[in-house]
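Everything on this sheet refers to the single structure shown next.
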Amino acid sequence: MQKTVYGNFENAVGANRVRIPAKFRSFLGEDVIATIGADGCFLLMPEENKDTVLKNYVKTDDPYMSEFKDMARMVNRLTCKIELDSQGRITIDDTLKRICKGLVGTEAIMFCGMGDYIEAWPSKVYAKKFGDVDGDADEFDSLIASLKAKLGKAD
């Protein structure tokens, strides 16, 4: 059965390590996978969720779709297993810095539960993309209306 997780938590980075929030540690379990994410974040997931999550990024059904093949190569190249230490921290090492350029010099990381994976954002990148707040019901309604318009769907 696939695990799911929701919610947001921010934790400070100290000595190139960041503590994964307890709720998220129990979701991740022992075998943790990290990979590149969109818009400046990286993704964390339990190994058992990896195939489900990555199939959304890696579609290689058509051998003539070179852009999809390139995406598959990039995602697979930038996916690795990471370890949590005894205090539930991950080390921001060269591998993670290669996956997420914004980690260089970051002071905090915002963890966002996205169902079957966690987005991990350098806090400055998160603030630049989303502002100081994640929004409210009015902003959500505006986003839905914008998406409907782009898809040609009427209310």
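What is the residue count in region 83-94 for residues that are assigned to a strand (DSSP E or B) and surrounded by fewer than 19 Cβ atoms within 10 Å (Cβ to Cβ)?
Going through region 83-94 one residue at a time, the tally reaches 1.
Within region 1-21, take every residue that is polar (S, T, N, Q) and over 12 Å from residue 120 (Cα atoms) and give me the one that is surrounded by the most Cβ atoms within 10 Å (Cβ to Cβ).
Only one residue fits best here, namely 16.
Name, by its number, the condition in (1) of a type in the set (S, T, N, Q); (2) crowded, with 18+ Cβ neighbours inside 10 Å; (3) without any contact (Cβ under 8 Å) to a residue 12 or more places away in the chain that does not hold for residue 106.
(3)
Working carefully through the options 97, 124, find the one that is open to solvent by 90 Å² or more (accessible area, probe 1.4 Å), farther than 26 Å from residue 26 by Cβ and modelled with pLDDT of 90 or more.
Result of the check over 97, 124: 124.
So which residues in region 2-24 are under 16 Å from the mean Cα position of the chain (by Cα), under 25 Å from residue 105 (Cβ atoms) and not β-branched (Val, Ile, Thr), if there are any at all?
8, 9, 10, 11, 19, 21, 24, listed by residue number.
Mind checking which residues of region 34-44 are surrounded by 21 or more Cβ atoms within 10 Å (Cβ to Cβ) and of a type outside the set (Phe, Trp, Tyr)?
34, 35, 37, 41, 43, 44
The values are calculated or read from the model by the stated rules, or taken from the named source; none is laboratory data. In this text the structure is predicted, and so the values were computed from the model without any measurement. Here the Cβ is made from the backbone with ideal geometry for all residues, glycine too, and neighbour counts use every protein chain on show. Just the protein is used for accessible areas: all its heavy atoms, side chains included, with ligands, DNA and RNA removed. Shrake-Rupley method; radii C 1.70, N 1.55, O 1.52, S 1.80 Å.
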